[in-house]
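*Asks:* Starting off with a structure, shown below.
The values are calculated or read from the model by the stated rules, or taken from the named source; none is laboratory data. Just so it is clear, the model here is predicted, and its values are computed rather than measured. In this analysis, Cβ positions are derived from the backbone assuming ideal geometry, glycine residues included, and neighbour counts consider all displayed protein chains.
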Amino acid sequence: MMDYFRPNIIFSEWVVNRADCGSKYHSSLALLDKSHRVVAEVKDERHFRRWHLQKWEKVTLQIRAYPPGVRYIRVTSSGQDTQFWEGHYGVKIAGSE
């Protein structure tokens, strides 16, 4: 079915920075074949400065055209502070779908 219709593949989530520390956000959406090789991929990367206005942003990744043979979808999202604090700091991520 996927090989014939090849619908758009869409991933989205909300991200917001910390105010007291700079941070980085990375996300990727990859389509893999039966051997787990990537056949299509899109990425997003955002950098937030310290004291940057905190406002939730919706991040959307979409793959519209891809070859037949897709069998798996891999989604990755991560965040990190830019001061390398010990612990889990950086961006907040919510509402992944």
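*Asks:* Looking only at residues that are surrounded by fewer than 12 Cβ atoms within 10 Å (Cβ to Cβ) and over 16 Å from Y25 (Cβ atoms) in the range 51-70, which one is nearest to the chain's Cα centre (by Cα)?
*Replies:* Here the residue is Q62.
*Asks:* Working only within the range 59-71, note down all residues that are part of a loop (DSSP other than H, G, I, E, B) and of a type in the set (S, T, N, Q).
*Replies:* Correct list: empty.
*Asks:* It is to be established whether one or more residues within the range 45-58 are touching an Asp or Glu at 6+ places or on another chain (Cβ under 7 Å) and assigned to a strand (DSSP E or B).
*Replies:* For the range 45-58, residues touching an Asp or Glu at 6+ places or on another chain (Cβ under 7 Å) and assigned to a strand (DSSP E or B): absent.
*Asks:* Residue under question is F48, and the condition is that it be under 16 Å from the mean Cα position of the chain (by Cα) and modelled with pLDDT under 95; does it hold?
*Replies:* Spelling it out, F48 is indeed under 16 Å from the mean Cα position of the chain (by Cα) and modelled with pLDDT under 95.
*Asks:* Could you give me the residue pairs with C-beta distances under 9 Å whose first residue belongs to the range 78-97 and is within 14 Å of E57 (Cα to Cα) and assigned to a strand (DSSP E or B), whose second residue is modelled with pLDDT under 90 and of a type in the set (K, R) wherever it lies, and which are 6+ apart or on separate chains?
*Replies:* K92/R18
*Asks:* Report yes if some residue within the range 24-33 is part of a strand (DSSP E or B), of a type in the set (D, E, K, R) and within 30 Å of G90 (Cα to Cα); otherwise report no.
*Replies:* Yes, the range 24-33 has at least one match.
*Asks:* When you scan the range 1-23, how many residues do you find that are assigned to a loop (DSSP other than H, G, I, E, B) and either of a type in the set (A, V, I, L, M) or closer than 12 Å to R71 by Cβ (or both)?
*Replies:* So the count comes out to 2.
*Asks:* Sticking with this structure for a sec: Tell me, yes or no, whether the range 71-90 has at least one residue that is under 12 Å from W14 (Cα atoms), surrounded by fewer than 15 Cβ atoms within 10 Å (Cβ to Cβ) and of a type in the set (A, V, I, L, M).
*Replies:* no
*Asks:* Let me ask something else about it. Do we have any residue at all in the range 11-26 that's at negative phi, surrounded by fewer than 14 Cβ atoms within 10 Å (Cβ to Cβ), among the aliphatic types (A, V, I, L, M) and touching a residue at least 12 places away in the same chain (Cβ under 8 Å)?
*Replies:* Yes, that holds for at least one residue.
*Asks:* Residues that are surrounded by 15 or more Cβ atoms within 10 Å (Cβ to Cβ), in contact with a Gly (Cβ under 7 Å, 6 or more places away or on another chain), of a type outside the set (A, V, I, L, M, F, W, C) and within 18 Å of E97 (Cβ to Cβ): does the range 30-46 have at least one?
*Replies:* The answer is no; no qualifying residue exists.
*Asks:* Limited to the range 40-75, what total is found for residues that are of a type in the set (V, I, T), in contact with a Leu (Cβ under 8 Å, 6 or more places away or on another chain) and free of Cβ contacts under 8 Å to residues at least 60 places away in the same chain?
*Replies:* Of the residues in the range 40-75, 2 are of a type in the set (V, I, T), in contact with a Leu (Cβ under 8 Å, 6 or more places away or on another chain) and free of Cβ contacts under 8 Å to residues at least 60 places away in the same chain.
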